[in-house]
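**Q** The structure is given below, and queries will be raised subsequently.
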Amino acid sequence: MGIKRLNHAVLYVSDVADSTRFYQQVLGFNPSPGPQPEQAFFAQAAESDNHHDLALFARNLGQQRAGVFSPRGETPAANEPPAGLYHLAWEVDTLLELKRIRDQLQALGKLGLEEDHGIFKSVYGHDPDGLLFEVNWFLPADAIRDEDRNIRTAQLDWKRELARFATP
């Protein structure tokens, strides 16, 4: 058991509106279900059943673009482009596999955030070059409750989730 597939890509873009139009008109992406943040766009590929295959985030360009959404508040350094890859996300089949990967990342000192996104649970880590990646597990469709759909982002409660999904 291990990585199942690339789940989604998150890109920093210099203009969310322009990039949204491009991905919709040229590549056929559709807005994902649920709220769309003002400075971000979450989209599904035309034939996808995935929650989102692509997310576009405005890169915080400091004073010249005050108030632009940045998920972590980063301002690009002088040598960084205003657009680029934020992170890749891989999907696993089970919550226990997600926990195994989380524990390995922690042991290596590479564990980042652990987030509950409602219908999916995520851990973030950094590769040896510092590139950010996410590994996520999606709740089975028949187990999704209204309260799961209403969670935007919260700290992942491993005890609660393992009790709910990892017991026979």
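The values are calculated or read from the model by the stated rules, or taken from the named source; none is laboratory data. In this text, all values refer to a predicted model and were calculated from it rather than measured experimentally. All Cβ positions, even for glycine, are placed from backbone atoms using ideal geometry, and neighbour counts span all protein chains on display. Keep in mind that these areas ignore ligands, DNA and RNA; they rest on the heavy atoms of the full protein, side chains included. Shrake-Rupley method; radii C 1.70, N 1.55, O 1.52, S 1.80 Å.
**Q** Could you provide, to the nearest whole Å², the per residue accessible area of the chain with probe 1.4 Å?
**A** In whole numbers, the chain has 56 Å² accessible per residue.
**Q** Which percent of the accessible area of the stretch 1-47 is formed by carbon and sulfur heavy atoms (probe 1.4 angstrom)?
**A** That share works out to 53 percent.
**Q** Give, in nm to one decimal, the length gained when the segment between A45 and L6 is fully stretched (0.36 nm per residue of separation minus the Cα-Cα distance).
**A** Result for the pair: 12.7 nm of gain on full extension.
**Q** Taking a 1.4 Å probe, which of H51, H117, H87 shows the most accessible area, and what order do the others take after it?
**A** The ranking, largest first, comes out as H51, H117, H87.
**Q** In addition: Using a cut-off of 20 Å between alpha-carbon atoms, which lysines can reach K159, once sequence neighbours fewer than 8 places away in the same chain are excluded?
**A** In chain and number order, the partners are K99, K121.
**Q** At a probe size of 1.4 Å, how large is the accessible area of D129, to the nearest 10 Å²?
**A** 140
**Q** In square nanometres, what is one fourth of the surface area of the convex hull spanned by the alpha carbons of the stretch 9-58?
**A** In nm², the orientation-averaged hull projection of the stretch 9-58 is 3.1.
**Q** First compute the accessible area of the stretch 88-166 with a 1.4 Å probe, then give the percent of it belonging to carbon and sulfur atoms.
**A** Carbon plus sulfur share of accessible area: 54 percent.
**Q** Using the Cα centre of the chain as the reference point, and only Cβ charges (+1 on K/R, -1 on D/E), how large is the resulting charge dipole? Debye, rounded to the nearest 20.
**A** Once rounded to the nearest 20, the dipole reads 240 debye.
**Q** Scanning the chain for GluC sites (Glu not before Pro) in DSSP loops with at most 16 other Cβ atoms within 10 Å, what's the longest stretch left with none? It would help to have the intermediate numbers written out before the result.
**A** On the way: sites that count: E38, E47, E74.
Result for the longest clean stretch: 75-168.
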